[in-house]
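Enquirer: Here it is, the structure in full.
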Amino acid sequence: MALRRGWMLFPLPFCSFVCIFLKTLRSSSYASFPRRYSLYQTSRNILGPEVQTFLEENTEVTNSGNLTPEIQLRLLTPRCRFWWERADLWPYSDPYWAIYWPGGQALSRYLLDNPDIVRGRSLLDLGSGCGATAIAAKMSGALRILANDVDPIAGVATLLNCKLNKLDPLPILTENILDSELDKWELIVLGDMFYDEDLSDRLLQWLRKSIWTHGTKVLIGDPGRPQFCGHNIQNHLQKIIKRTARFHPA
């Protein structure tokens, strides 16, 4: 069981929370994407067709066992070879993107159920993983979307998932955006990012700066990890919904 033994799945409580980080929201103009961003509009621009083929052969297309049956995703499930294979045989970085984490499920469900939150607005999906929340935002009418994940394989998976859901490829940034100059976003969404204390501190600092600079609204999805519940970000949060996430793969 390589996924369970070789790749650590963080212990997860049963329920997920979606919170608003602070409460400010100001209208903002839709600036063009900065040139410094490496945006990819088609899957052939990321890593090459052999990576896409590998992912297609070693993931399962599913829309069951989670909170968003409207969205089809390529995920690692017990019917996939590498769910059971030794982790060191996986040729790329750890495939955290191949799990539909509960915080991301709750965020995606919230956007699908409340499209007015994103319709006509600009949105950054931070730590986008499989791209489910960015896809939910697109389905809900977001005007400008950027999916950001430091793992380029996650970018390939996101583009494949866009194709599955009959959507045009989403712009993708595969670099650490926390080290970049702030861009203007009306909404930032992030799920399951508070799993490390140092990262949590950096996220709080970066999100506060974005809110102060651009009046951004932030939605956070988290299943109640200690690094989230015990962090001082809780002093700035308003819980808006609590969902039971069906986490185990189909």
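The values are calculated or read from the model by the stated rules, or taken from the named source; none is laboratory data. Bear in mind that the values here come from a model prediction, so they are computed numbers and not experimental data. Cβ atoms come from the backbone with ideal geometry, glycine included; neighbour counts cover every protein chain shown. Areas reflect the complete protein model, heavy atoms only, side chains present, ligands, DNA and RNA absent. Shrake-Rupley method; radii C 1.70, N 1.55, O 1.52, S 1.80 Å.
Enquirer: Once you order the gyration tensor axes a ≥ b ≥ c over the Cα atoms, which shape class does the range 185-238 get: rounded for a/c under 1.5, otherwise prolate or oblate by comparing a/b with b/c? Intermediate values should be presented prior to the final figure.
Expert: On the way: a/c = 1.92, a/b = 1.63, b/c = 1.18.
The shape class here is prolate.
Enquirer: Figure the gain on full extension for Leu167 and Glu70 (residue separation times 0.36 nm, minus the Cα-Cα span) and round it to one decimal in nm.
Expert: Taking Leu167 through Glu70 to full extension adds about 33.6 nm, to one decimal.
Enquirer: Convert each backbone phi in the range 188-205 into a coupling constant with the Karplus relation 6.51 cos²θ - 1.76 cosθ + 1.60 (shift: θ = phi - 60°), then list the ³J(HN,Hα) values in order as whole Hz, x for Gly and Pro.
Expert: 10, 10, 8, x, 6, 9, 9, 10, 9, 5, 5, 4, 4, 5, 5, 4, 4, 4
Enquirer: Quote to one decimal, in nm, the extra length available between Leu143 and Asp94 on full extension: 0.36 nm per residue of separation minus the C-alpha distance between them.
Expert: Stretched out fully, the Leu143 to Asp94 stretch lengthens by 14.5 nm.
Enquirer: Would you mind working out the magnitude of the charge dipole of the range 159-215 relative to its Cα centre, with +1 at each Lys and Arg C-beta and -1 at each Asp and Glu C-beta, to the nearest 20 Debye?
Expert: 340
Enquirer: May I ask you to list the GluC sites (Glu not before Pro) in the range 158-250 that are in a DSSP loop and have at most 14 other Cβ atoms within 10 Å of their Cβ?
Expert: On the way: sites: Glu175, Glu181, Glu186, Glu197; in loops: Glu175, Glu181, Glu186.
Answer in residue order: Glu175, Glu181.
Enquirer: What dipole magnitude, in Debye to the nearest 20, does the range 130-234 give about its Cα centre under +1 on Lys/Arg Cβ and -1 on Asp/Glu Cβ?
Expert: Computed charge dipole of the range 130-234: roughly 520 debye.
Enquirer: Follow-up question, since we're still on this one. Where only protein heavy atoms count, and the probe is 1.4 Å, what is the accessible area per residue for the range 95-186 in Å²?
Expert: In whole numbers, the range 95-186 has 30 Å² accessible per residue.
Enquirer: Quick one: grab the alpha carbon gyration tensor of the range 77-218, order the square roots of its eigenvalues as a ≥ b ≥ c, and give me rounded if a/c is under 1.5, else prolate or oblate depending on whether a/b is larger than b/c.
Expert: oblate
Enquirer: Now for a separate question. For labels at Glu181 and Ala87 in the simple 7 Å Cα→Cβ model, what's the distance in nm?
Expert: 3.9
Enquirer: If you roll a 1.4 angstrom probe over the protein chains with everything in place, what fraction of the accessible area of the range 111-169 belongs to carbon and sulfur, to the nearest %?
Expert: Details: 960 of 1870 Å².
In the range 111-169, the share of accessible area belonging to carbon and sulfur is 51 percent.
Enquirer: Right, another one. Identify the trypsin sites (Lys or Arg not before Pro) of the range 134-179 meeting these criteria: DSSP loop state and at most 10 other C-beta atoms within 10 Å of the C-beta.
Expert: Filter output for the range 134-179: Lys166.
Enquirer: For a quick check of understanding: with a 1.4 angstrom probe and all protein chains in place, what accessible area in square angstrom does Glu57 have, to the nearest ten?
Expert: Accessible area, nearest 10 Å²: 140 Å².
Enquirer: How would the range 157-250 be classified by its alpha-carbon gyration tensor: rounded, prolate or oblate, with rounded meaning a/c under 1.5 and the a/b versus b/c comparison settling the rest?
Expert: oblate
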